[in-house]
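I have a structure I would like to understand better, so I am pasting it below and will then ask my questions one at a time.
The values are calculated or read from the model by the stated rules, or taken from the named source; none is laboratory data. The model shown is predicted, which means the values in this text are computed figures rather than measured ones. Quick reminder, even Gly has a Cβ in these numbers, built from the backbone with ideal geometry, and neighbours come from all protein chains shown. Just the protein is used for accessible areas: all its heavy atoms, side chains included, with ligands, DNA and RNA removed. Shrake-Rupley method; radii C 1.70, N 1.55, O 1.52, S 1.80 Å.
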Amino acid sequence: MKAIEVSGVSAGYGGEPVIKEIDLAVDSQQLLAILGRSGSGKSTLVKTITGFIRPLCGKIFLDGVQVAGPEVFVPPELRNIGLVPQEGGLFPHLSVAQNVEFGIRKDAGKDLRVQELLELVDLRELARARPQELSGGQQQRVSLARALARRPSVILLDEPFNALDATLRDHVRADIAEILSHTSTTAILVTHDQDEALSTAHSIALMDLGRILAFGSPQSLYQSPNSIPAAKLLGPINEIPGTVASEHIADTEFGEMTFDTHELTEVGTRGTVLTRPESIDFGNQGTSALVESIRFHGHQAMVTVITQSGLRLKVRDEQSVTSHIGDTVQLVFNDVNTFIPASQASGRL
Amino acid sequence: MEVLSRGRTWETAGTSLGLAFTVIIASLAISYPTALILTRVHVPFPRSFFTLAVLPLAIPSYVAAYAWLAQFPAMSGFWAAALILTLVSFPYTFLPIIVSLRTSDHSLEQVARSLGRTPITAFLATSFRQSTPAAAAGSLLIGLYVLSDFGVVALFRVDTFTRVIYSTYRASFDKTSAAVLAGILVLLAIILISLERKARGRTLRYRPDRGVANSLSRLTSTRGIRSASVAWLTGLATTSLLIPTASLFILMSEGTRALDWGELTTAVINTVVVSFVGAVIAVGLALPIAALTSRFRNRKSAAIESLSYSGLALPGVVIGLSLVFLSINVFPAIYQSFFLLAFAYAVLFLPKSLGASRSAFESTPPVLEQVARSLGKKPMSAWMFTTGRLSLTGVAAGGLLVMLTSMKELPATLMLRPTGFETLATELWNRTELAAYGAAVPYALALIAVAAIPAFLLSKAILVTKSEEKRPTEISISA
């Protein structure tokens, strides 16, 4: 049984649906990231799952119980989905502890539960503070404690780290991921940040124009994307024109390149070999290219080179800086590539 | 329909609109400098000066006109009326403007400065632009108020629409002509409402505030600017408050008749109670409409909203008459009852309560409501716990405003009050009808004093920027 199951759901705000025929499934205790640019329909999907929007068609199940469908519609307050919105959404007129206890029924165990939750997010000493007195990261942790208070079946994190600065972000992200796994909570993380999705999630759904482009584990999506747009959503990618020569080999201007494939492709099919910047190395012999620019990142550098045919390629230099602009370098291609036939390049499934 | 073809009808329409625009422009010319001084210049007693700039709301326009006339008998005509109407109604633009200036994002102004703008052009390009919807809303209230004002134009003998309707109705009992003229008046009001809607346009509603709000510290102003500011504020308080009240005190000292304290006390109690009940009903009517229009902008909600503003455009006489008609024919039990009078106030001043509630709701992020729902609250209680709770001050401010205006209302009160039920406004009227001006003065002063209480509370409600709330509760008294 899946913790969340969305099948064939379209939804919107009257007029054209914003999300179209969404299928999704999340296993219990897993963290799914929904990754997409702004305007791709992520928030609409979240509102549909939480019950603030009624889908036009399709069904939604939580722990096997149908909560939305042609004849069923469970309102948000009965779905028991924890919500951690952007910037926390803490009630400004309540203290930290009052925020956390907002969703808990009044009974003998209530105070203890609040204590427990505040301890979980490491904010016990701030129980009486007002939300405005907290840092952005602390606000997010309170928001998470509040969402966990009712032991929800699912937690939805809607771009929760947006307002945090970069250094804090990594830290809070790791904290929250740990708390979620510690409490064995199933979660959906909505984000437009590829690093966030890749580093935190067990699985990723890529969204674009209201549809799901691809769905899978971070590794498989990163290394063998099923379309060019899906590949680009997860990070820089090189597109090399090629033709299929045999089952796992394509002919390109750099000679034969090996690739993984989702389905068998006929020999002679034209298309694109996709390769990540880290799958290209600098070597002593290989294809020569000219270094055009270098972006230094400290632990590594992103080098843009131009090949003799005029193709621009991005190469990740793990050694940090070994070349200079204007140098001629030799490129060695590793075997971790994907082939996308020209007919599927747009990414429509 | 020959009324329409009369040249005089159109001339009167021109006078009404001209007066409305003159008063609006003059009010803006007073409100912007005052609001700027109180937000940007270090002046002594800023809170007291703020309250003084709100208190003119407590002075009924006809009382102000009468008080000025008593000292300057030569005053008459268009410009005299424009002056008095401006002095009693500028707080309607001052309040929304100062709230907007206080809450606007000053980092924009700083960006504009860094891009080479002078302090003034930077202000005009950013904070001023952000304040225009608020200023437009306040201007609408003033415009509608001037269109429906009767007392001032009657005293200064300016032929505006309300006066012509009244005299047509009075002189010939020609109901059809009066109705046609009233129809044109409503049309003028609709023009104003649509102009305001255009000016408001698509304003960004939930200003995302991240981290610490970027507040512009008060300018380190020169002594010259500070003294000029104090002189401006003092001058404003003198003309809008001191002159009319001082004039009334002078008149009272000249009066000879002994004052009946019992009558005065009864009138005070009646005034407070009936206007309070009216305010409660108005808030009750406004809440659902405001809740609807603040979250859903579409043609239907806009129509409901416009409809509820029509009360402002209709002179009290018209609403009074229609409620008399309605109660006699449909609910005879409530005719001339206390409840009907309170209800009339609620209908008349619904827009004020509506505007205040709506902007309070709009400044609360809807995500809080969603979080409350996800934590198991039903829609109503989720709303009460979040949006409702956070907008309390704003909603209360709207109620205070209704109470304040109800206390000053005259024509509908005269028509609808229960027999023998006297308020301060009616007692005042009874005495001026008998030309007993000296005897009327204590009632005028009592009315100002009583109305000053909600006006004072209103200024306090707006001044309260609760320290525990990062986002100051946005209060607007306007549409």
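A plus B alone minus the pair: what accessible area, both sides summed, probe 1.4 Å, in Å² to 100?
Accessible area lost upon association: around 2000 Å².
What pairs from A:LYS20/B:LYS377; A:LYS47/B:LYS300; A:LYS59/B:LYS377; A:LYS47/B:LYS460; A:LYS20/A:LYS232 go past 31 Å between their alpha carbons?
A:LYS47/B:LYS460
What does DSSP give for chain A in terms of the percent of beta bridges that are antiparallel, rounded to the nearest 5?
Values: 59 of 79 bridges.
Once the DSSP bridges in chain A are tallied, antiparallel ones form about 75 percent.
Identify, among A:ILE81, A:PRO341, A:LEU94, the residue whose Cα sits farthest towards the positive end of the charge dipole of chain A, taking +1 on the Cβ of Lys and Arg and -1 on the Cβ of Asp and Glu, with the dipole about the Cα centre.
With unit charges placed on the Cβ atoms, the residue in question is A:LEU94.
Here's another thing I want to ask about it. Excluding ligands, DNA and RNA, what is the solvent-accessible area per residue of the range B:360-406 at a probe of 1.4 Å, expressed in Å²?
31
With label points built 7 Å along Cα→Cβ from the Cα atoms of B:SER114 and A:SER246, find their separation and express it in nm.
6.1
How much of the DSSP beta bridge set in the protein assembly as shown is antiparallel, as a percent to the nearest 5? It would help to have the intermediate numbers written out before the result.
Details: 59 of 79 bridges.
Close to 75 percent.
How much length would be gained if the chain were fully extended between B:SER48 and B:MET380, taking 0.36 nm per residue of separation minus their Cα-Cα distance, in nm to one decimal?
Working: separation 332, 0.36 × 332 = 119.52 nm, distance 3.92 nm.
Using 0.36 nm per residue and subtracting the Cα-Cα distance, I get 115.6 nm.
Turning to a different aspect of this structure: Would you mind computing, in nm to one decimal, how far apart the modelled labels at A:SER343 and A:ASP27 are, each placed 7 Å from Cα along Cα→Cβ?
With each label placed 7 Å out from Cα toward Cβ, I get 3.4 nm.
Divide, for the protein assembly as shown, the radius of gyration over alpha carbons by 2.2 N^0.38 Å, where N is the residue count.
Working: Rg = 34.4 Å, N = 828, 2.2 N^0.38 = 28.3 Å.
Taking N as the residue count of the protein assembly as shown, the ratio is 1.22.
What number do you get for the range B:345-437 when its Cα radius of gyration is normalised by 2.2 N^0.38 Å, N = residues?
Details: Rg = 19.9 Å, N = 93, 2.2 N^0.38 = 12.3 Å.
Ratio of Cα Rg to 2.2 N^0.38 Å: 1.62.
To the nearest 0.05, how large is the calculated FRET efficiency for B:PHE249 and B:VAL280 if R₀ is 35 Å and r is the Cβ-Cβ distance?
After rounding, the FRET efficiency stands at 0.55.
For the range A:4-228, what are the per-bin percents of Cα-Cα distances with bins 10 Å wide, up to the bin holding the maximum?
8, 33, 36, 19, 4, 0
Mind giving me the FRET efficiency for B:SER227 and B:ARG157? R0 is 51 Å, r the Cβ-Cβ distance, nearest 0.05 is fine.
0.80
If you don't mind, there's one more thing I want to ask. Calculate, in nm to one decimal, what B:PHE21 and B:LEU195 gain on full extension: separation in residues at 0.36 nm each, minus their alpha carbon distance.
61.4 nm is the gain from fully extending B:PHE21 to B:LEU195.
Another question about this same structure. May I ask you to give the percent of accessible area on the range A:4-228 that is carbon plus sulfur, with a probe radius of 1.4 Å?
Ligands and nucleic acids excluded, carbon and sulfur give 47 percent.
Ok, one more. Sticking with the crude label model, points 7 Å out along Cα→Cβ, report the distance from B:PHE325 to A:GLU119 in nm, one decimal please.
7.3
Moving on. When only DSSP loop residues count, what GluC sites (Glu not before Pro) in the range A:1-85 have their Cβ near at most 16 other Cβ atoms within 10 Å?
A:GLU71
Can you tell me what percent of all Cα-Cα pairs in the range B:114-169 are more than 17 Å apart?
Of all Cα-Cα pairs in the range B:114-169, 58 percent lie more than 17 Å apart.
Residues of the range A:221-255 with the amide nitrogen closer than 17 Å to a label point 7 Å from the Cα of A:THR269, along Cα-to-Cβ, please.
A:224-231, A:240-252
Name the aspartates and glutamates eligible as straight-distance cross-link partners of B:LYS352: C-alpha to C-alpha under 20 Å, and not fewer than 8 places from it in the same chain.
B:ASP149, B:GLU196, B:GLU305, B:GLU362, B:GLU409, B:GLU474
Toward the positive end of the charge dipole of the protein assembly as shown, about the Cα centre and with charges on Cβ (Lys, Arg +1; Asp, Glu -1), which of B:ILE453, A:VAL332, A:ILE60 goes farthest?
About the Cα centre, the residue reaching furthest to the positive side is B:ILE453.
Charges at C-beta only: +1 for Lys and Arg, -1 for Asp and Glu. How large is the resulting dipole of the range A:236-341 about its Cα centre, in Debye rounded to 20?
Magnitude of the dipole: close to 420 debye.
When you take every Cα atom in the range A:153-312, what is the radius of gyration, and what is Dmax, the widest Cα pair distance, in Å?
Rg, Dmax (Cα atoms, Å): 19.0, 56.
Based on alpha-carbon positions alone, could you give the equivalent ellipsoid semi-axes of the range A:236-341 from the gyration tensor, as √(5λ), descending, whole Å?
Its equivalent ellipsoid spans semi-axes of 26, 13, 11 Å.
Any chance you could tell me what percent of the C-alpha pair distances in the range A:86-126 go past 15 Å?
The calculated P(r) of the range A:86-126 puts 42 percent of pairs beyond 15 Å.
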